[in-house]
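The block underneath contains the structure these notes are about, expressed in C-alpha cells.
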Amino acid sequence: MEHQIHYTGAMNVRCQFCGALRFQREQLNCCHNGKVSLPPLQEYPENLRLLFDADGSEGSNFRQNIRNYNSAFAFASFGANIRPPPGRGPYCFRLQGQTYHYASNLHADDPEERRYGQLYILEINEAIQTIANAHENANCLVSVFLEH
C-alpha cells in the first residue's frame with residue numbers, strides 16, 4: 001500500500017485572543033475566544049537551560065541522551081510501543097497500543113539493582129553513583145548527573 005502525503009500548509013494563522021498559531025483549515029478553539037488564559041511559562045532553571053543551550057560535550061551529550069537522563073530520575077518506568085513519527089523536526093514520539101508504568105518496591109532485593117523511587121531514600125552521592133552505573137545510562141556523563 002502506498003501512502004499519500006497530506007500537506008496542511010503553513011501554521012501561520014494567529015488566534016486574535018491568545019496568539020496561538022494554527023493551520024488555515026484547523027477549526028480548533030484554542031482559548032475559547034479569550035475566556036481561557038494561561039500564565040506565561042516560567043524560565044528553565046539555570047543549570048537545565050545551560051544544558052539545552054551549551055555547545056560543549058555536556059550539552060551535546062545531554063540533548064542526545066535526554067530520555068535516559070529523564071528516566072534516570074523517574075519514580076516509575078514508562079513503557080509503550082513507541083513509534084517515531086516520519087520526517088524531521090523537534091523530538092517527539094507517538095504511542096501505539098497500551099501504555100504502562102512500572103513502580104518498584106521501596107527497598108530493592110539487590111542493592112545493585114536499585115531503580116526509580118528506591119533512589120530517593122539514598123544519600124545523594126550513592127544515588128548518583130547508582131544511576132551513573134546503570135547499564136542504560138552508559139552513554140550519559142556522570143558530571144551531568146552530579147552538577148545538574
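The values are calculated or read from the model by the stated rules, or taken from the named source; none is laboratory data. No experiment lies behind these values; they were computed from the predicted model shown. Please note: Cβ atoms are built from the backbone with ideal geometry, for glycine as well, and neighbour counts cover all protein chains shown. When the accessible area is computed, the model is the full protein with side chains, heavy atoms only, and any ligands, DNA or RNA have been set aside. Shrake-Rupley method; radii C 1.70, N 1.55, O 1.52, S 1.80 Å.
Could you tell me whether any residue of segment 122-130 is within 20 Å of residue 78 (Cβ to Cβ), assigned to a helix (DSSP H, G or I) and open to solvent by 50 Å² or more (accessible area, probe 1.4 Å)? No; the residues of segment 122-130 include none that is within 20 Å of residue 78 (Cβ to Cβ), assigned to a helix (DSSP H, G or I) and open to solvent by 50 Å² or more (accessible area, probe 1.4 Å).
Test residue 100 against the stated conditions and say whether it is at positive phi and touching a strand residue (DSSP E or B) at 6+ places or on another chain (Cβ under 9 Å). Show your work before the answer.
On the way: at positive phi: no; touching a strand residue (DSSP E or B) at 6+ places or on another chain (Cβ under 9 Å): yes.
Judged against the criteria, residue 100 is not a match.
In the condition set (1) in contact (Cβ under 8 Å) with a residue 24 or more places away in the chain; (2) more than 30 Å from residue 142 (Cβ to Cβ), residue 12 is compliant with all but (1).
Among residues of segment 72-102 being open to solvent by 70 Å² or more (accessible area, probe 1.4 Å) and touching a residue at least 24 places away in the same chain (Cβ under 8 Å), the one that is nearest to residue 118 (Cα to Cα) is 75. The residue pairs whose first member lies in segment 33-51 and is farther than 24 Å from residue 14 by Cα, whose second member is of a type in the set (A, V, I, L, M, F, W, C) and open to solvent by 100 Å² or more (accessible area, probe 1.4 Å), and whose beta carbons are closer than 7 Å, counting only pairs six or more residues apart or on different chains, do not exist in this structure.
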